[in-house]
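The values are calculated or read from the model by the stated rules, or taken from the named source; none is laboratory data. What you are looking at is a predicted structure, and each value in this text was computed from that prediction instead of being measured. Here the Cβ positions follow ideal geometry from the backbone for every residue, glycine too, while neighbour counts run over all protein chains shown. Quick note on the areas: whole protein, heavy atoms, side chains included, nothing else; ligands and nucleic acids left out. Shrake-Rupley method; radii C 1.70, N 1.55, O 1.52, S 1.80 Å.
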Amino acid sequence: MLSRVADSLYWMSRYLERSENTVRQLDVTMSLLLDSSETSADTRWQRLLTSLGNPPGVEWTGDADGMTRALIFDPTNAASVTTCINAARENARQVREEISTEQWQRLNRLYHQMHSPHAQAQFRANMNDFLASIIDGIHLFKGVSDTTMIHGEGWQFIRLGRYLERAYATATLLEVYQESLLNLAEQEHSGYQYLEQVGLLRCCTSFEAYCQVYTADLSPDRILEFLLLNRDFPHALRYSIDGVRQSLDAIQRAGGRRPPDELLATAGKLHSMLRYTTINEILEGNPGAFLHSIREQCKQIHELIYRYYVQYSIQSALAV
Amino acid sequence: MRTPDGSIRPQYKALVETLACLPQEELLRRKQSADLSFLTQGITFTVYGRDEGTERIFPYDLVPRMISAQEWDRIERGLTQRITALNHFLRDVYGEGKILNDRVVPRDIVYSCKHYRRQMCGLEVPRNVYIAVVGTDLLRLRTGEFVVLEDNLRVPSGVSYMLTNRRVMKRTFPQLFHSYGVRPIEHYPQLLLNTLRSLAPEGRPEPNIVLLTPGVYNSAYFEHTYLARQMGIELVEGRDLVTHDNIVYMRTTDGLKRVDVIYRRVDDDFSDPLIFRADSGLGCAGLFNAYRAGNVTVTNAFGTGLADDKAMYAYVPDIIKYYLGEDPILPNVKTYLLTEEKSRQHVLANLDKLVVKAVGESGGYGMLIGPQSTTAQRADFARAIEANPRNYIAQPTLDFSRAPCLFGSQIEPRHVDLRPYILFGDKVNIVPGGLTRVALEKGSLVVNSSQGGGSKDTWVLE
């Protein structure tokens with residue numbers, strides 16, 4: 001597969017995963033703001049921005065309405081949902097012949113939905129419905145991707161983009177939340193705290209899944225354990241990194257070159273770390289640093305993917 | 001459809017009867033179903049100069065055009081003759097230059113041609129084939145005779161419309177199609193692939209063949225993706241290619257893969273920034289040197305535009321005679337070269353009757369149609385001709401054939417031309433038929449898709 005094509009498929013997928021994440025976190029934040037709480041609106045907005053990776057040019061100025069529009073519709077904000085969907089569609093357009101018609105039509109529909117002259121009015125009239133319909137569109141796209149595309153190298157790059165983006169976003173989110181979450185453990189349990197914890201789980205669409213594993217009995221340790229180390233839940237970090245590793249293995253098997261040792265080792269190490277570390281070890285150590293290191297390793301994996309599959313030097317390629 | 005005396009030509013009789021028997025609603029229904037099929041397949045082209053990157057469905061007419069076996073036989077022989085001679089010509093001009101020494105074609109016409117590439121001088125190209133893919137535009141005159149309007153020897157397009165038209169047609173009028181005995185064209189991609197394979201550099205028995213496209217913003221991008229898919233070859237952009245030690249590679253996730261044959265849909269100017277336009281990001285640096293070293297075949301060869309310059313066109317009958325010792329089977333349209341004093345005066349005095357064309361342009365750009373022009377337009381062209389006579393030619397306004405087209409439920413005649421596609425590898429291959437282009441506006445003589453023209457299926461009968 002051409003490097004350019006792999007690159008486009010990978011980014012198409014990352015951008016869609018990113019827009020889904022932004023929509024979901026925004027939705028949860030807006031809903032938490034409805035309840036009175038010990039946490040101020042300022043703190044919530046700031047925290048949202050941090051867990052979205054502090055998109056450049058977006059600052060909290062006390063204007064909630066302006067903030068939501070910047071995060072959803074602002075074409076000048078590189079992290080807005082609109083920008084991400086545009087970028088995903090543009091990447092898809094460049095490799096139109098490599099994806100299925102169903103994928104293209106789904107993505108196109110999503111794009112036109114965001115750019116419809118009625119989009120902002122619909123958003124104002126019923127924000128929840130609007131955000132839910134965007135997420136529906138992305139879910140449909142993922143569904144047709146998995147059911148209409150050959151599960152070959154191209155599909156593996158799409159999967160790689162999805163899980164790497166998700167792992168990075170979840171690690172960022174947990175890093176932002178972990179301090180306040182763990183502080184809660186020492187306090188009395190209250191309805192407010194309950195809402196906070198549900199909010200965190202809902203940011204990862206994992207509230208119901210959590211309840212199936214641990215019952216509705218929320219505790220910070222278990223939440224952290226679930227989101228970090230669960231091996232069966234698709235939004236948990238361990239699961240996402242499993243996905244990254246599987247796709248890298250499949251891509252490596254598809255090629256005839258020497259295996260990308262450093263890349264496979266880096267992904268393998270992160271995978272082992274999430275597999276063999278217990279939640280107690282993490283809590284006794286420094287959870288913030290642990291999460292930060294996961295993020296750094298995700299970045300490293302991304303760079304190695306580039307160095308090995310996309311932007312390798314001619315000299316290195318000829319030497320093989 | 002009709003002979004000069006107004007009667008219906010025999011091969012159209014069954015078609016006319018079928019159309020007459022179909023209720024109007026049924027005709028409309030079939031038209032809508034065909035339109036929908038084009039829409040969902042995304043068969044579009046890009047119109048430049050309007051809204052940037054506007055994509056349009058290629059207008060399509062349901063009534064097929066028919067060409068008899070005898071007519072086609074002549075066209076086929078005529079095109080083979082013409083392409084063979086033009087290939088000799090390119091080889092000679094970039095080699096020994098005998099035709100220039102013998103003063104059959106004037107040197108200054110060659111050297112002043114915008115598409116002449118001095119870098120090609122003295123270069124041997126694989127199998128001596130300069131032009132592997134040609135689209136030649138033909139018109140049918142009132143007399144029934146086919147004449148050549150122009151040759152497209154650089155990156156001719158439209159073949160994907162020929163193929164998709166046929167597919168839609170078969171679905172729309174299956175019985176009619178079957179009863180007529182139409183010669184097939186669907187093997188074109190396979191013929192193209194074989195042609196490209198036959199031109200691979202020596203010692204590359206299983207050549208890696210790619211189609212080089214300028215990318216999604218090109219008007220023919222749909223065609224590039226279509227052909228690449230039909231042939232099962234990789235569609236690459238310039239940025240996917242790198243050269244090292246005069247070998248071209250493409251960048252894949254599995255490392256660099258050597259490229260042996262490039263079916264190029266990028267103009268000379270944009271192909272290699274080291275040799276041609278330095279500001280082009282569409283090509284691949286070092287491509288020309290790899291080509292010169294014989295490590296990669298690029299087709300059509302660089303500099304083939306020399307032979308489709310509209311002034312050079314006037315010399316093609318002489319070129320055929322010079323190399324093959326034969327009279328042209330398909331005649332040229334009378335062409336005035338404006339560098340000649342007498343012709344120029346005649347043309348300037350008769351601008352309202354003639355068609356003037358800029359020599360290096362294509363797609364209907366840079367053109368004056370005398371009878372349909374305004375005084376101001378004629379004055380503009382007169383000034384431009386005086387300033388640079390080499391840049392223009394003039395031809396009589398031709399009374400070329402019209403074909404029946406369906407508008408709503410009405411059948412009306414429109415002007416049409418025909419572009420057959422010729423493949424030149426180890427032998428010449430022409431699939432029977434080609435793209436019939438239709439001037440959709442009543443009375444219009446311009447059939448180019450970039451000028452809002454449409455197309456219809458062309459049936460060459462057994």
Inset, instruction - Identify, from the list A:LEU2, A:LEU16, A:LEU48, the residue that is open to solvent by less than 20 Å² (accessible area, probe 1.4 Å) and free of Cβ contacts under 8 Å to residues at least 12 places away in the same chain. - result: A:LEU2
Inset, instruction - Identify, from the list A:THR43, A:THR22, the residue that is surrounded by fewer than 21 Cβ atoms within 10 Å (Cβ to Cβ), in a helix (DSSP H, G or I) and either of a type in the set (S, T, N, Q) or away from chain B (no Cβ under 14 Å) (or both). - result: A:THR43
Legend entry - Hey, B:VAL155 of a type in the set (A, V, I, L, M, F, W, C), part of a loop (DSSP other than H, G, I, E, B), closer than 25 Å to B:VAL129 by Cβ and open to solvent by less than 60 Å² (accessible area, probe 1.4 Å) or not: yes
Inset, instruction - May I ask you to verify whether B:TYR111 is of a type in the set (Phe, Trp, Tyr) and either touching a Cys at 6+ places or on another chain (Cβ under 6 Å) or surrounded by fewer than 21 Cβ atoms within 10 Å (Cβ to Cβ) (or both)? - result: yes
Inset, instruction - Please determine, by comparing only the residues of segment A:1-40 that are farther than 13 Å from A:ALA88 by Cα and of a type in the set (D, E, K, R), which one is farthest from the chain's Cα centre (by Cα). - result: A:GLU38
Legend entry - Tabulated pairs, segment A:306-320, first under 14 Å from A:PRO259 (Cβ atoms) and at the interface with chain B (Cβ under 8 Å from one of its Cβ atoms), second among the aliphatic types (A, V, I, L, M) and open to solvent by less than 40 Å² (accessible area, probe 1.4 Å), C-beta under 7 angstrom, 6+ apart or interchain: A:TYR309/A:ALA6
Inset, instruction - Filter segment B:258-269 down to the residues that are open to solvent by 30 Å² or more (accessible area, probe 1.4 Å) and modelled with pLDDT under 95, then identify the one that is farthest from the other protein chains (Cβ to nearest Cβ). - result: B:ASP269
Inset, instruction - With respect to A:TYR210, determine if the residue is open to solvent by less than 20 Å² (accessible area, probe 1.4 Å), more than 17 Å from A:ASN280 (Cβ to Cβ), at pLDDT below 95 and of a type outside the set (Val, Ile, Thr). - result: yes
Inset, instruction - Would you confirm whether any residue within segment A:3-23 is within 24 Å of A:HIS118 (Cα to Cα), β-branched (Val, Ile, Thr) and at pLDDT 90 or above? - result: yes
Inset, instruction - List the number of the failed condition for A:GLY154; all other conditions in (1) within 14 Å of another protein chain (Cβ to nearest Cβ); (2) surrounded by fewer than 19 Cβ atoms within 10 Å (Cβ to Cβ) hold. - result: (2)
Legend entry - helices (runs of 4 or more DSSP H) completely within segment B:313-415 that count 1 or more residues being over 30 Å from B:ASN101 (Cα atoms) and open to solvent by less than 70 Å² (accessible area, probe 1.4 Å): B:341-349, B:375-387
Inset, instruction - List the number of the failed condition for B:THR253; all other conditions in (1) open to solvent by 10 Å² or more (accessible area, probe 1.4 Å); (2) closer than 29 Å to A:ARG307 by Cα; (3) more than 24 Å from the chain's Cα centre (by Cα); (4) not aliphatic (A, V, I, L, M) hold. - result: (1)
Inset, instruction - State whether one or more residues within segment A:294-303 are in contact (Cβ under 8 Å) with a residue 40 or more places away in the chain, within 11 Å of chain B (Cβ to nearest Cβ) and in contact with a Ser or Thr (Cβ under 9 Å, 6 or more places away or on another chain). - result: no
Inset, instruction - Pull up segment B:212-236, narrow it to residues that are of a type in the set (D, E, K, R) and at the interface with chain A (Cβ under 7 Å from one of its Cβ atoms), then point me to the one that is least open to solvent (accessible area, probe 1.4 Å). - result: B:GLU234
Inset, instruction - Sort through B:GLY443, B:GLY433 and tell me the only one that's of a type outside the set (Phe, Trp, Tyr), open to solvent by less than 40 Å² (accessible area, probe 1.4 Å) and not in a strand (DSSP E or B). - result: B:GLY433
Inset, instruction - Would you check if B:ALA200 is open to solvent by less than 30 Å² (accessible area, probe 1.4 Å), more than 12 Å from every other protein chain (Cβ to nearest Cβ) and at pLDDT below 90? - result: no
Legend entry - Out of B:LEU90, B:LEU139, B:LEU86, B:LEU62, sole residue that is in contact with a Cys (Cβ under 9 Å, 6 or more places away or on another chain) and outside any loop (DSSP other than H, G, I, E, B): B:LEU62
Inset, instruction - Please specify each residue of segment A:87-104 satisfying the condition of being open to solvent by less than 50 Å² (accessible area, probe 1.4 Å) and either touching a residue at least 12 places away in the same chain (Cβ under 8 Å) or on the phi > 0 side of the Ramachandran plot (or both). - result: A:ALA87, A:ALA88, A:ARG89, A:ASN91, A:ALA92, A:GLN94, A:VAL95, A:ILE99, A:SER100, A:GLN103, A:TRP104
Legend entry - Test for A:TYR192: is it open to solvent by 10 Å² or more (accessible area, probe 1.4 Å) and in contact with an Asp or Glu (Cβ under 7 Å, 6 or more places away or on another chain): yes
Inset, instruction - Report yes if some residue within segment A:94-111 is more than 25 Å from A:SER247 (Cβ to Cβ) and among the charged types (D, E, K, R); otherwise report no. - result: yes
Inset, instruction - From A:GLY243, A:GLY255, grab the single residue that is surrounded by 15 or more Cβ atoms within 10 Å (Cβ to Cβ), modelled with pLDDT under 95, within 24 Å of A:ALA6 (Cβ to Cβ) and of a type outside the set (Ser, Thr, Tyr). - result: A:GLY255
